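Chemist: Dropping a structure here in structure tokens format, bear with me for questions.
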Amino acid sequence: MERLTLEEIISRFRSDRRFMENVRAFREIPAAAGRFSPLPAWLHPRLRAVLEARGFQNLYEHQAEALELVRRGRDVVLVTPTASGKTLCYNIPVLQRALEVPDSRALYLFPTKALAQDQLKEFGEMARGLGGEIKSHTYDGDTPDDARQAIRRQANVVITNPDMLHAGILPHHTKWQKLFSSLDYVVIDELHTYRGVFGSHLANVIRRLRRIARFYGKDPLFICCSATVANPGEHAARLVGKEFALIDRSGAPRAAKTFIFYNPPVVNRELGIRQSALAPARKIALQLMDNGIQTILFAGSRLTVEVLTKYLKDGAEKREPGAEKVVAGYRGGYLPELRRRIERDLREKNILGVVGTNALELGIDIGELDACIMVGYPGSIAGTWQQSGRAGRRADRSLALLIARSSPMDQFITENPEYFFAGSPEHCRINPDNLLILVSHIKCAAFELPFEEGESFGEEKLEEFLAYLEEKGILHSANGRWHWTAEHYPANEIGLRSIDAENVVVVDVTEKGGRRVIAEVDWDSAFTTVHEHAIYMVESEQYHVDRLDLDRREAHVRKVDVDYYTDAMTYTDIRVLDGFETKQDGNAVVEHGEVKVSRKVVGYKKIKFYTAENVGYGEVSLPEREMHTTSYWFTLPLAMLDTLPYTRAEMIDGLCGLAYAVHHIAAMILMADIRDMDRCVADRSGRWFVHFGPGGRKPASAGSDSPENFDPTVFIYDAYPGGIGFSDLLFRIHRDILAAAFRLISSCPCAAGCPGCVGPVLDVGYRAKKAALSVIEIALGSPPGKSPAPPALETGGENGRTESVRRKGRK
């Protein structure tokens, strides 16, 4: 059969009436020609020859601008699209400096090991063209001990990640004297990934880095690269503590792109249930692959990656025996060798379809793909453009297809495409002066070098912190200096990404007496993915978890062939530790502050492939995990709720439905990822809470008290230890959030509740929708009426005008 081109397939989509009935946007983004500048006159002749041999007769305008600014000693942040050549903007200055000053050193920071390895290859190819005397090495947890001393002594460029810089380099700076005493450049790539807790930690790591560099007489230039965000210059300045020159006009050519928003049809109008996004994703991806069009699919979770990989492999195998090999999954947890093989096969076109998580958003070299299918809204405007940019990096034309799930955010974006296409991307927010984070890094800095009287570290008064640490016996002051006196090693006690430093190893014991490591799982995910009797999947192959040994950090699995996968069920208990601010708003007491969140996996569901029906449950016995974070919450008087025409159980259903809507509305208003926060309905003191188990919602008492004795509270909390900073913002716009939730729920055409408003009826009950609306009226003290749209539902249009975007009824 003759294959179709991508252009022909897109034309068929447009003429397919049934397909177009579910399309909410069909945008053609035209191609744009590149704008070029000559290679700089000051380039070393050898470097010029290498660039010309690699095909670089000219540079894009933004590359030339970056090189000139760096040459003049400016710190630079670049914000240009995927595949616009940002790598050259730091490799050229570093190589030029190494040719001029052979002892020059540079430090490259990447958020993942995979990116570091990718960039090592890119830099190494250019360096070898110069004769090989400029050395580069990665330095991470996988670096052999016998290689580390040579790297410290010889490497002109050290390529590492923030975690290794924090715990493996800065505390041992005396071993790295050659690096710090000659450090001219620091490169921070994928700047947009450093937000929230991770970014707040990194800002303090950079403070420590610059402090040590000053000790060795250096003040390195910073070159930062980012995907499109709303505040790149501000974010770089906050992260590094310096003023940056911003370059945000790309000179790179842009291929034409067709961008489609597809909303699957409603299959149960009464319950408001839509067709699963996996079904059209599978059908369209197989159609593209059948025509030799290399396609990348993004899924929102690791489990979805494995399920969709299985569906595509099954579909390819049915069409042509052995064709399942052209499909691969790609996610965190796969062993490095497997990820490298998949990347290589993508570049060499051996794989036609790859299903990945947002790990593939970043600039790993996987070749030039033709189509991108996003199975669900990635959670942010910036993330959506980043994922869509993985296709059409240099091709003549590309396709980006966003398939909506049933969640409120997905439905809002697809039903209001102008909010996406005309809207600004999200801000990157960090809070490096968060008390817990700041004190932790002050300890690390004191371990590295004594603090001098009058020295600054961040924006807070340092003397108060030093005095506090001296009282605790951690520091000792003498002659205007504060010295580290404690015996422990502070950097080991701080995880930058708020996860345990050690992973759980997944060991295949299928063969008698055999032990084959097939994957790794981070500590937190292990509780939900490799608990006993779970089905764990790697490259769509199924393994039954026989035993999870938390002490040895091992999960023993054996290969099986079953027609279901498992999904863990957890409950959440939350307790208020400290209230920062309180206000009365209508009939609700609104607060924000510090909370302790306890989570426990209590069981799992067996979900049948293709039909998604529940075919069984199982119980799980695992210890609770605790986290201190920040939260916004509002408490409603039980006496007033009792005046509503609902039973106590129905009232709890309504509160759960309201929490669901508020969670999604809050993410939209803050332009944040839905996974950056979580929700819980509980008593303010934590004496009872609501959790989901087999059979639906259950009030769970933490003691002997009954939930009927307490005023219920809805919590929206930051999903990271220490908090991100959302709770204060939500506290201040509480009334806007409830008004928006009322409009979301009341305008939804479903009868009793659905994933687009209060959650699936089978989860929250048949009266949850009406109860949630009644609860909001009680909370606000009156019907919300037609109050103004909250900030997130307004977007800046062309020429600075404001375009109000209202939620439309779904068809």
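The values are calculated or read from the model by the stated rules, or taken from the named source; none is laboratory data. All of these numbers come straight from a predicted model, not from anything done at the bench. Reconstructed Cβ throughout: ideal geometry from the backbone, glycine too, with neighbour counts over all protein chains shown. Surface accessibility is based on the protein's heavy atoms, side chains included, excluding ligands, DNA and RNA. Shrake-Rupley method; radii C 1.70, N 1.55, O 1.52, S 1.80 Å.
Chemist: Just the accessible area for Y216, please: 1.4 Å probe, Å², rounded to the nearest 10?
Modeler: Its heavy atoms expose roughly 50 Å² to the probe.
Chemist: Size of the dipole of the chain about the Cα centre, Lys and Arg at +1 and Asp and Glu at -1 on the beta carbon, nothing else charged, in debye to 20?
Modeler: Dipole about the Cα centre, nearest 20: 1940 debye.
Chemist: Show the residues, 5+ positions off or on another chain, whose built amide H is closer than 5 Å to the amide H of A751.
Modeler: So A751 has HN proximity to G272.
Chemist: What 222 nm value per residue comes from the helices of the chain, counting each DSSP H run with n ≥ 4 as -39,500 (n - 2.57) and dividing by all residues, nearest 500 deg cm²/dmol?
Modeler: -10000 deg cm²/dmol
Chemist: How high is the relative contact order of the stretch 203-330? Use alpha-carbon pairs under 8 Å, at least six apart in sequence, and give a whole percent.
Modeler: It rounds to 12 percent for the stretch 203-330.
Chemist: Please report, in Å, the Rg and the Dmax of the stretch 1-122, where both are computed over Cα atoms only.
Modeler: 21.0, 66
Chemist: A further question on this structure: Taking θ = phi - 60°, what integer Hz values does the Karplus form 6.51 cos²θ - 1.76 cosθ + 1.60 yield along the stretch 609-626, in sequence order, with x for Gly and Pro?
Modeler: Those phi angles translate into 4, 6, 8, 6, 7, 6, 10, x, 10, x, 9, 10, 10, 9, x, 6, 10, 10 Hz.
Chemist: Of P721, G196, H628, which is farthest along the charge dipole of the chain in the positive direction, counting Lys and Arg as +1 and Asp and Glu as -1 at C-beta?
Modeler: Farthest towards the positive end: G196.
Chemist: Count the DSSP beta bridges whose two residues both fall in the chain, then state the antiparallel fraction as a percent rounded to the nearest 5.
Modeler: 65
Chemist: Normalised by the residues of the chain, what does the relative contact order come to in percent, with Cα pairs under 8 Å and at least six apart?
Modeler: Once normalised by length, the contact order is 11 percent.
Chemist: So which of K349/K559; K121/K257; K583/K769; K135/K310; K113/K512 end up more than 31 Å apart, counting from Cα to Cα?
Modeler: Pairs exceeding the cut-off: K135/K310; K113/K512.
Chemist: Within a Cβ distance under 13 Å of I403, other residues only, what is the Lys/Arg minus Asp/Glu net charge?
Modeler: Every neighbour counted, the sum reads +4.
Chemist: Could I ask something else about it? Can you send over the carbon and sulfur percentage of the accessible area for the chain, probe radius 1.4 Å, protein chains only? Let's see the in-between values first.
Modeler: On the way: 15820 of 33250 Å².
It is 48 percent, rounded to a whole number.
Chemist: Here's a follow-up. Using each residue's phi in the stretch 323-332, evaluate 6.51 cos²θ - 1.76 cosθ + 1.60 at θ = phi - 60° and report the 3J(HN,Hα) Karplus result to the nearest Hz, with x for Gly and Pro.
Modeler: Values, residue by residue: 6, 4, 5, 7, 10, 9, x, 8, 7, x Hz.
Chemist: Give a quick list of GluC sites (Glu not before Pro) in the stretch 22-80 that DSSP marks as loop, anything other than H, G, I, E or B, with at most 12 other Cβ atoms within 10 Å.
Modeler: Answer in residue order: no site qualifies.
Chemist: In what sequence, highest mean first, do 418-427, 734-743, 328-337 appear when ranked by Cβ atoms within 10 angstrom?
Modeler: Highest to lowest by the protection proxy: 734-743, 328-337, 418-427.
Chemist: Rank these residues by their accessible area, most exposed first, probe 1.4 Å: W482, W176.
Modeler: Output order, biggest surface exposure first: W482, W176.
Chemist: At 1.4 Å probe radius, can you tell me the per residue accessible area of the chain in Å²?
Modeler: That works out to 41 Å² for each residue.
Chemist: Moving to a separate point now. Using packing as a proxy for protection, rank 235-246, 33-44 so that the peptide with the highest average count of other Cβ atoms within 10 Å comes first. Walk me through the numbers on the way to the answer.
Modeler: On the way: 235-246: 19.4, 33-44: 13.5.
Highest-to-lowest ranking by the protection proxy: 235-246, 33-44.
Chemist: Under 8 Å for C-alpha pairs, at least 6 residues apart: give me the relative contact order for the stretch 36-107, rounded to a whole percent. Display every interim value, and only then the final one.
Modeler: Working: 47 pairs, mean separation 21.7, N = 72.
Normalised by residue count, the contact order of the stretch 36-107 is 30 percent.
Chemist: Okay, moving on. So how far apart, in nm, are the two label points at S456 and R46 if each is 7 Å from Cα heading toward Cβ?
Modeler: Rounded to a tenth, the inter-label distance reads 4.2 nm.
Chemist: Hey, another quick one. What does the C-alpha gyration tensor say about the overall shape of the stretch 2-69? Classify as rounded when a/c is under 1.5, otherwise prolate if a/b is larger than b/c, or oblate.
Modeler: Taking the square roots of the gyration eigenvalues as a ≥ b ≥ c, the stretch 2-69 is prolate.
Chemist: Now a separate question. Which log10 I(q)/I(0) values does the chain give at q = 0.09, 0.11 Å⁻¹ under the Debye formula, counting every alpha carbon as one identical point scatterer?
Modeler: The calculated log intensity ratios at q = 0.09, 0.11 Å⁻¹ are -0.96, -1.46.
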